[in-house]
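Report on the structure given below.
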There are 6 protein chains.
Amino acid sequence: MTASATGRGPVLVVSAHAADFVWRAGGAVALSASRGQQVHVLCLTFGEKGESQGLWKQPGMTLERVKEARRDEASRAAKVLGAEIEFLDVGDYPLRATDALYDSVTATIRRINPATIITHPVKDPYNLDHSLTHEIVLRSRMVAQAAGHDRSSQPIGATQVLQFEPHQPEQCDFVPNLLLDISEVFERKVEAMRIMGAQGHLVAYYTDLGVRRGVQAVRNGGPRSITHAEAFQRVFPVVGSELL
Amino acid sequence: MTASATGRGPVLVVSAHAADFVWRAGGAVALSASRGQQVHVLCLTFGEKGESQGLWKQPGMTLERVKEARRDEASRAAKVLGAEIEFLDVGDYPLRATDALYDSVTATIRRINPATIITHPVKDPYNLDHSLTHEIVLRSRMVAQAAGHDRSSQPIGATQVLQFEPHQPEQCDFVPNLLLDISEVFERKVEAMRIMGAQGHLVAYYTDLGVRRGVQAVRNGGPRSITHAEAFQRVFPVVGSELL
Amino acid sequence: MTASATGRGPVLVVSAHAADFVWRAGGAVALSASRGQQVHVLCLTFGEKGESQGLWKQPGMTLERVKEARRDEASRAAKVLGAEIEFLDVGDYPLRATDALYDSVTATIRRINPATIITHPVKDPYNLDHSLTHEIVLRSRMVAQAAGHDRSSQPIGATQVLQFEPHQPEQCDFVPNLLLDISEVFERKVEAMRIMGAQGHLVAYYTDLGVRRGVQAVRNGGPRSITHAEAFQRVFPVVGSELL
Amino acid sequence: MTASATGRGPVLVVSAHAADFVWRAGGAVALSASRGQQVHVLCLTFGEKGESQGLWKQPGMTLERVKEARRDEASRAAKVLGAEIEFLDVGDYPLRATDALYDSVTATIRRINPATIITHPVKDPYNLDHSLTHEIVLRSRMVAQAAGHDRSSQPIGATQVLQFEPHQPEQCDFVPNLLLDISEVFERKVEAMRIMGAQGHLVAYYTDLGVRRGVQAVRNGGPRSITHAEAFQRVFPVVGSELL
Amino acid sequence: MTASATGRGPVLVVSAHAADFVWRAGGAVALSASRGQQVHVLCLTFGEKGESQGLWKQPGMTLERVKEARRDEASRAAKVLGAEIEFLDVGDYPLRATDALYDSVTATIRRINPATIITHPVKDPYNLDHSLTHEIVLRSRMVAQAAGHDRSSQPIGATQVLQFEPHQPEQCDFVPNLLLDISEVFERKVEAMRIMGAQGHLVAYYTDLGVRRGVQAVRNGGPRSITHAEAFQRVFPVVGSELL
Amino acid sequence: MTASATGRGPVLVVSAHAADFVWRAGGAVALSASRGQQVHVLCLTFGEKGESQGLWKQPGMTLERVKEARRDEASRAAKVLGAEIEFLDVGDYPLRATDALYDSVTATIRRINPATIITHPVKDPYNLDHSLTHEIVLRSRMVAQAAGHDRSSQPIGATQVLQFEPHQPEQCDFVPNLLLDISEVFERKVEAMRIMGAQGHLVAYYTDLGVRRGVQAVRNGGPRSITHAEAFQRVFPVVGSELL
């Protein structure tokens, strides 16, 4: 069985803003890393304008200082979770889909050659940077598969894309089809969340969400030992040989 | 890991008519049986009125003889696939949802205590026996979970329900989220399909469909060795610890 | 080309209440009849309890008198439109789906052997008699197709089912895919509508709707000569040899 | 402005099982009652078989004793919330939609003549008692509107129906369109939840949910003073004169 | 209660073409203005190419003259309705989403700081200028909320966005959840519509639509005094303390 | 009856890549051409990077040689099918929506003045070149209708747009509402498919699909003589005077 078939090859997380991957997929990152998988986090922006309200309340704050603080926080959080991290710094609120950005994401996908890509869901009426990131990932994935694109690197296969949970899932047509048991790494996720000082108000929210998804995991047939989970929605069908 | 978590406990297939399980889930049945799992097929009817046109063309045919022929065919097909089979004979076209039928299905669910239930999809405008069977399964599964129902038997857990593929999937809102590799047992499925003499015209159709789903399985990241697949749509989210 | 392929064989309209067919499909009925097609209207109930508020305001009104008035109105409206009409009188608000009712509808379908069936849409949260009628039609159609059902009559083919427009289409997930030009028979529809005295407030509403759908027909590529149209949503795909 | 237009007339809550109204609409009940509105809770069953697992673990438990315990709990909870309560005791898991049940619900609707009805959402694949209750409410509401039904009581108007939140909203296609601020009565809801001893494990779950919906209420423009909310999805459009 | 909570603060209408706001939201505009609310209409284009067929039929017409005529008509209509109006003149058919356009819309949103934004629905296969305008509004609203955007102006809150009715609502997945009573200002809407000479054929269409939505408003529980209404679909959940 | 009303005027097929029109609409093309209709195929790209894997396996292959081979194949296939063909060569994987491309497509639409446009469906998560092509067609069609666009050519009417079948229809929300009988021209489609050497593995797949759709056409009421069909989903409602 290949790495891809087990889902245990490299994992690529594409995050619109510097902190999204922590709140929404920190458990998946820590779990994969704890098993020795490479986890690469690609942040398109620092979320410097739109998701750093805590920092902007400080007197004399500048865009560069916000970016620096966010880079520092996200880097430390990634480290705690066991992932490597890369920032494209293309500017947020709004994120813009340029040719250069598509090329960067495509190149990263080819370089990492992930068994799984994790990113934002297809719809988010509250945050169009999120839905645009989804589109950028799908488009870049398609290009990365093309035999005729950049003949100096290798085309990837048909990598699964997991959508992580948006802040208000029902308004985003988000319907989980995978409840990932993150009980064993949840403490690490909490530690990472606490690092994200610019959005400290979200730690309790996402801790409660971890419990909520954990309860639902048990309700959907998981073992009672599950205490925390993260919800994902796959874009493509699973191929397998088990009736799960 | 429990039998349920691997999907390798008993499998219960609830089929509206005697042959549905062969066309639509014969591969899943054969695959599970080949691994030593118990597979129990529960046919609510013989499909004697609505799905036996070949038999009705024979002179002097009667309802009883049709039923007998269908029972014989389905029993032999089940045997080839490695499954046990049970017929409720409640009458088809239309199937009727009586209290007695709910009770029977609930009792079978409790008795088999399946790790997975396989049945028809929720919608089928061509065939309301199919959609009604889906509802009967969901309702009976709910009752089988109830602590206060029939205190002489044990409540089941939150068993996953897989919907198998209807004849015209797009018209039934059927969106596969599991492409099951049945390459290794496909010959057995063909053998079983050939037994279903009353609907011989469907063998080629479902053989082609097996190839089609197999090609799609490879297109969705499965190994190139896959030649045949069956498509399923899960009702509930998967609980797991893999990023698949 | 067969009658079925032209849509010009018999037309069966199944109406939950005595007047539904007039408001929602009166143009289709008149148009078909004007071409010499048999049009058979099957009213499951008179709408005596739920759709006869005008009559109930009259002093001393009784259920039997309401029914009689509705039978009279609907019969005269059908005559104006060129259709024959049949009443099952099974009771409205709520309509109940009994075995006897399924049998009646199935028998009528077999007897008429329609090229097209017209009925209510699948969803109507305001009026569950309507959605239940849809289900009764689909289920009865399925039984009427079964080789083994009632061997004294002939199975029908795969008849198209057209859903006519509900009162509040957006709330019923009604999306028209056929705008039928009824300009040439609209006067006849108005005449029929005026007969339905128990719901006289609806004449203006459905006259305006005819204009509205007519404007939209032109907006969707129809000739500018269209002044009035009725909207329908087909249940099944059209089979044809034209790229329309 | 009429009572109906302000939503401040009587409130009718139709609950499949004895406790559903507490977990899912306890805040709405307490809020309405605190303003002097009549709140009537109609429990179709006690949830005696399917939602009383805590009781069934006690030795020597019987169906009657479970029902009695549930009746007691639910009655006390209703009292804490400020509502009156009525039990139909028609049997759960499965709930059955009999003519008598429709008649009872219709009669209650006419008697209460509610400005708002609150009940389960239209879909719940985990619990078909819930989705059936939704259908029973819509059908009974339709009958209660009919001029010709039970001439000894008065037809109701076009009452709004609010769906309260199911346990796993995304799997039930539940999309909130009303986040109700229940901050001022949340303590009362907690008190009521604590009474429901048979399902004590749910208190924390629904307390967290109250906070979660409260955070979202603020995120959707509500004042920062909101600490707790309940989510509802209306069935019908709101009619009003405010651009909200 | 804040202006936002009552929906009675400033209203911003973003209209793809010069006349859209008149046909689709003229009643809402007039109603708000009549209560003393500031209503600001932002027209991205004049609809000079695509929605001025009446003008293009005149001999010797030029793009500039069409624009001038449309500016004049729309300005007079806005005045009749009680609104102020602003034209961005960025070119229609197709509208193009440039950075400059996003910046303009964002700046206007911040400047007006609306309690409610009204614009086109998310989908319109007939008119992609309309759906693009929706996207521009959502994206600009998001940017206008960002703490780090343009530190010289103030971030807005989580303003509700109302989608007004497209020409063919069912084809646009438009499902009204607010029927706004515009009876008291309908005469003013008619007056404004009559000013839009370039599309005179639409006056009757939208007058009939006002009646139609008015009838439906009564059907959904509104007082019988309602004669005309406009339909809207909110993007975000309502936050409130009433069970409406 | 006009050419448009019969669907027998010119047909325009807009294909993202050079071969899409062959696999997915080759039968429709051949059928229309066989009746003497003009069929114009507009290929936005050659599919040189993303859909020419066979060619890229050859040693020393270059982008120009791939394009040349694809141009040659597609031109020969179009000729076999009876269509004229035009290549815009704007670059694939990813296709980019530039102003120049919109202008080109709009100009072609005006020049051909098609009775029917055929193109990709609105959604394809596997291939965003496909979904972008859909958007380009809808937007260009809208511009081509505008009275004020390019006054040197004539505005088109409200042309129907047919979406042809994507590779994995269920994942693309593709629901056929037209099953086109292509039995009489299927041999010609096979001949054309065989020319597409760069994707030879698809011939069997699309031959099987033709049979599958043919079986379904019969199942949906088509004559038993149908052996092969193609599936399409219309974007707009059909306007007509037949109850089909």
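The values are calculated or read from the model by the stated rules, or taken from the named source; none is laboratory data. What you are looking at is a predicted structure, and each value in this text was computed from that prediction instead of being measured. Cβ placement follows ideal geometry from the backbone for every residue including glycine, while neighbour counts extend to all protein chains displayed. We work out accessible area using only protein heavy atoms, side chains counted, and drop any ligands, DNA or RNA first. Shrake-Rupley method; radii C 1.70, N 1.55, O 1.52, S 1.80 Å.
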### Query
Once you put a point 7 Å from the Cα of E:Arg194 and another 7 Å from the Cα of C:Met61, both along the Cβ direction, what distance in nm separates them?
4.0
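With Rg and the Kirkwood Rh both taken from Cα atoms, where does Rg over Rh land for the stretch D:8-234? Walk me through the numbers before you get to the answer.
Values: Rg = 16.9 Å, Rh = 17.6 Å.
That ratio is 0.96, to two decimals.
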### Message
If you average the alpha carbon positions of the stretch F:59-79 and of the stretch E:110-128, how far apart do those two centres end up, in angstrom?
### Response
45
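If you average 1/r over every pair of different alpha-carbon atoms in the stretch B:58-102 and take one over that average, what Kirkwood value in Å do you get? Could the numbers behind the result be given before it?
Values: mean 1/r = 0.0810 Å⁻¹.
Answer for the stretch B:58-102: a Kirkwood hydrodynamic radius of 12.3 Å.
Using a 1.4 angstrom probe, figure out how much accessible area the stretch A:8-234 has per residue, in square angstrom, rounded to the nearest whole. Don't jump to the answer; show the numbers that get you there.
Values: 7240 Å² over 227 residues.
Result: 32 Å² of accessible area for each residue.
By the scheme Lys and Arg +1, Asp and Glu -1, what is the net charge of all other residues having a beta-carbon under 13 Å from that of C:Ala18?
That works out to -4.
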### Query
What is the sum of charges around D:Leu42, taking Lys and Arg as +1, Asp and Glu as -1, for the other residues whose C-beta is under 12 Å from the C-beta of D:Leu42?
-3
### Task
For every other residue with a beta carbon closer than 9 angstrom to the beta carbon of C:Ser241, add +1 if it is Lys or Arg and -1 if Asp or Glu, then tell me the sum.
-3
### Task
First check a/c for the stretch F:195-244, with a ≥ b ≥ c the square roots of the eigenvalues of its C-alpha gyration tensor; if it is under 1.5, answer rounded, and if not, answer prolate when a/b is larger than b/c or oblate otherwise.
oblate
### Query
When we measure straight from the Cα of B:Lys57, which lysines land under 17 angstrom away, once same-chain ones fewer than 8 places off are left out?
B:Lys49, B:Lys67
### Task
Past 18 Å, Cα to Cα, is the threshold; run E:Lys79/E:Lys123; F:Lys79/F:Lys189; B:Lys123/C:Lys123; D:Lys79/D:Lys189; E:Lys123/F:Lys123; B:Lys123/D:Lys123 against it and keep the listed order.
E:Lys79/E:Lys123
### Message
To the nearest 20 Debye, how big is the dipole of the stretch B:8-234 about its Cα centre, given +1 on the beta carbon of each Lys and Arg and -1 on that of each Asp and Glu?
### Response
480
## Note on the structure
Using alpha carbon centers only, the stretch C:165-182 is separated from the stretch A:154-229 by a whole-angstrom value of 41
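Is the shape of the protein assembly as shown rounded, prolate or oblate, going by the alpha carbon gyration tensor and its root eigenvalues a ≥ b ≥ c, with a/c under 1.5 for rounded and a/b larger than b/c for prolate? Walk me through the numbers before you get to the answer.
Details: a/c = 1.05, a/b = 1.05, b/c = 1.00.
Judged from the Cα gyration tensor, the protein assembly as shown comes out rounded (a/c under 1.5).
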#### Entry: Filtered trypsin sites (Lys or Arg not before Pro), the stretch C:196-228: DSSP coil and at most 13 other beta carbons within 10 Å
C:Arg224
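How large is the Kirkwood hydrodynamic radius of the stretch D:101-176, in angstrom, based on all distinct alpha carbon pairs? Before the final figure, lay out the partial values.
Details: mean 1/r = 0.0768 Å⁻¹.
With all distinct Cα pairs of the stretch D:101-176 included, I get 13.0 Å.
Just need the relative contact order of chain B here, percent rounded to a whole number, with Cα pairs under 8 Å and 6+ apart. Mind showing how you got there, number by number?
On the way: 456 pairs, mean separation 58.8, N = 244.
It rounds to 24 percent for chain B.
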### Beta bridges per DSSP with both ends in chain C, % antiparallel, nearest 5
30
### Query
E:Asp99 to B:Glu187: FRET efficiency via 1/(1 + (r/R0)^6), r the Cβ-Cβ distance, R0 56 Å, to the nearest 0.05?
0.40
### Message
Which one, D:Pro94, D:Pro125, D:Ile136, projects farthest toward the positive side of the charge dipole computed for the stretch D:94-159 from Cβ point charges (K/R +1, D/E -1)?
### Response
D:Ile136
### Task
Return the loop-located trypsin sites (Lys or Arg not before Pro) in the stretch C:7-74 (DSSP other than H, G, I, E, B) with at most 16 other Cβ atoms within 10 Å of their own Cβ; answer none if there are none.
C:Arg35, C:Lys57
### Message
Using only the heavy atoms of the protein chains and a 1.4 Å probe, how would B:Asp92, B:Asp99, E:Asp208 rank by accessible area, largest first?
### Response
B:Asp99, E:Asp208, B:Asp92
### Query
Put simply, what bits of the stretch F:135-163 lose 30 Å² or more of accessible area when the other protein chains are there, versus the chain on its own (1.4 Å probe)?
F:Leu138, F:Arg139, F:Met142, F:Val143, F:Ala146, F:Ala147, F:Gly148, F:Arg151, F:Ala158
